[in-house]
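This report concerns only the one structure given below.
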Amino acid sequence: MLHTANPVIKHKAGLLNLAEELSNVSKACKIMGVSRDTFYRYRELVAEGGVDAQINRSRRAPNLKNRTDEATEQAVVDYAVAFPTHGQHRASNELRKQGVLSPTVVSVLSGYSITLRISKDDTEQILSGDVP
């Protein structure tokens, strides 16, 4: 008898328990609406790794199509930290010289919630000398 509190695998454990109670795999599969092939896959998973091995495993590797590589991301962030007064347009132009494309700069900056221009209040503080 297999027991689990995980709602994802409760159905699978229930199928295995029903087959054990009825002593008939075909009948249990018909009642639960599952193919026998699926039943034997579930049983094999339990034999290999216990009940918790039945949690859905993705067969595909994640496809990060538009993911920016770490070096480029770090170059954009470093530039934004080094030159916080440069706007997005100037940052894009300067980083283009290093081989970083403009849309990449925009997406990285928005992903990190970095705004390059300083606000009017901050400018007034800097000009008055009240910089913390």
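The values are calculated or read from the model by the stated rules, or taken from the named source; none is laboratory data. This structure is a prediction, so every number in the text was calculated from the model and none was measured. With ideal geometry, Cβ positions are generated from the backbone for all residues, glycine too; neighbour counts draw on all protein chains shown.
A quick yes/no check of all residues on (1) modelled with pLDDT of 90 or more; (2) among the β-branched types (Val, Ile, Thr); (3) in a loop (DSSP other than H, G, I, E, B):
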| residue | (1), (2), (3) |
| --- | --- |
| 1 | no, no, yes |
| 4 | no, yes, yes |
| 9 | no, yes, no |
| 12 | no, no, no |
| 18 | yes, no, no |
| 26 | yes, no, no |
| 31 | yes, yes, no |
| 37 | yes, no, no |
| 53 | no, no, no |
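Can you find a residue in segment 65-76 that is of a type in the set (D, E, K, R) and surrounded by 14 or more Cβ atoms within 10 Å (Cβ to Cβ)? Yes, some residue in segment 65-76 is of a type in the set (D, E, K, R) and surrounded by 14 or more Cβ atoms within 10 Å (Cβ to Cβ).
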